[in-house]
1. How large is ³J(HN,Hα) for each residue in region 121-127, as worked out from phi by the Karplus curve 6.51 cos²θ - 1.76 cosθ + 1.60 (θ = phi - 60°), to whole Hz, x for Gly and Pro?
2. Want the number for Glu68 to Asn90: 0.36 nm per residue separation, take away the alpha-carbon distance, what's left?
3. Straight-line reach from Lys109: which aspartates and glutamates fall under 20 Å, measuring Cα to Cα and dropping same-chain residues less than 8 apart?
4. Apply the Karplus curve 6.51 cos²θ - 1.76 cosθ + 1.60, θ = phi - 60°, to the phi angles in region 39-54 and return the couplings in whole Hz, x for Gly and Pro.
5. For region 20-112, calculate the relative contact order in percent as a whole number, restricting contacts to Cα pairs under 8 Å that are 6 or more residues apart.
6. What are the semi-axes of the equivalent ellipsoid of region 87-150, taken as the square roots of 5 times the eigenvalues of the Cα gyration tensor, listed largest first and rounded to whole Å?
7. What is the spin-label model distance, in nm, from Glu78 to Asn40 if the labels are put 7 Å beyond Cα along the C-beta direction?
8. Which whole-number percent gives the relative contact order of region 87-150, counting Cα pairs below 8 Å spaced six or more residues apart?
Amino acid sequence: MKKFIIIAATAFVSLSSFAGTGPFAFDPVTGKVLEAFRSNFSEAKNVEWKSLDDAGLFQATFLYKNTELKAYYNSDGEMVATARYIDLDNLPIMVRKTISERYPEHVMKNAIEQISGDATTYYVTLHGVKTSMIVASTPAGSLSVFKKVKARH
């Protein structure tokens, strides 16, 4: 009986350390992923995990040094990308310049900075009278349309 209580207590403590919002909610992450995340972002707060089954990735959304970040890990615990919203004023000058020249009828609404390996990509939401879109840009200002939608009237 003592052995059963010790095993049950150990299991409860182990499961509690991985629990989500409720006493029986589980984070969808493996040990390697959680270990890598804790190593990369030891000061992270308010961590929420999401499994991106279609991509085979795990997404952590959290606060790190007063900034909301998203980090993406594969099942081996390798961080494949990070993303965060940034102020439009913090976009590289060539990104802002190229967008203003190519899409003068559109207004920049928000920007996401995504870092994957050595590559940084900026996703900028643009709103116009006829269309809205998200453009992807390199820091040097090389643009491509990521997604385009008709404007709502």
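Values in this text are rule-based calculations from the coordinates and carry no lab data. Quantities reported herein were computed from a predicted structural model and do not represent experimental measurements. With ideal geometry, Cβ positions are generated from the backbone for all residues, glycine too; neighbour counts draw on all protein chains shown.
1. Couplings: 10, 10, 10, 10, 8, 10, 10 Hz.
2. That pair, Glu68 and Asn90, stretches by 6.4 nm at full extension.
3. Glu68, Asp87, Asp89, Glu101
4. 5, 6, 9, 5, 9, 5, 10, 6, 6, 10, 9, 9, 8, 9, 3, 4
5. It comes to 20 percent, rounded to a whole number.
6. 19, 12, 10
7. Label-label distance for Glu78 and Asn40, simple model: 1.2 nm.
8. 29
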